[in-house]
Amino acid sequence: MSTRISNIGFITFEWQKRSGLVKALITCVALVVVLLYVGEKVRIYQLGYQIEELKKEKKELERANRALKIEASSLSASARIEDIAIRRLGMVRPSKDHIVVVKRQAAGTRDKTDGELVE
């Protein structure tokens, strides 16, 4: 059996030993590439699951937001406020004699009382 001897720098390798090192190096590089690939795939799946969870949370929050808007509109309804004012606070509706209607002036017109420009 013949063996070749190679001289790389100051280290002398036999050909068979060097081919074993090359195989080991190639195996290590391939293993690193596979691990990086698998790691990236795992990260992609994790992000996908995270996106789905966030979509579900968004739908739940939108549903809760709609419910709160409905509740807010029902709580701020004029009829409800009037009912609370009359029943709980003892307020009464003013008679027609006590109602004063104030008309808004158009912007850019002069006030008749003191001549100032109304903005």
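For I81 and E60 in one chain, what is 0.36 nm times their gap in residues minus the Cα-Cα distance, to one decimal in nm?
That works out to 4.5 nm of additional length.
Cross-chain or 8 or more residues apart, Cα under 26 Å: how many lysine pairs in the stretch 5-98 fit that? Count them up, please.
Taking the stretch 5-98 as the scope, the lysine pair count is 7.
Give a residue-ordered list of calculated ³J(HN,Hα) values for the stretch 59-66 (Karplus: 6.51 cos²θ - 1.76 cosθ + 1.60, θ = phi - 60°; whole Hz; x for Gly, Pro).
After applying 6.51 cos²θ - 1.76 cosθ + 1.60, I find 4, 5, 5, 5, 5, 5, 5, 4 Hz.
Using a 7 Å offset from the Cα along the Cα-to-Cβ direction at both R104 and K69, what is the distance between the two label points in nm, to one decimal?
For the pair R104/K69, the computed spacing is 2.5 nm.
Values in this text are rule-based calculations from the coordinates and carry no lab data. Nothing here was measured: the structure is a model prediction, and the numbers come from that model. In this analysis, Cβ positions are derived from the backbone assuming ideal geometry, glycine residues included, and neighbour counts consider all displayed protein chains.
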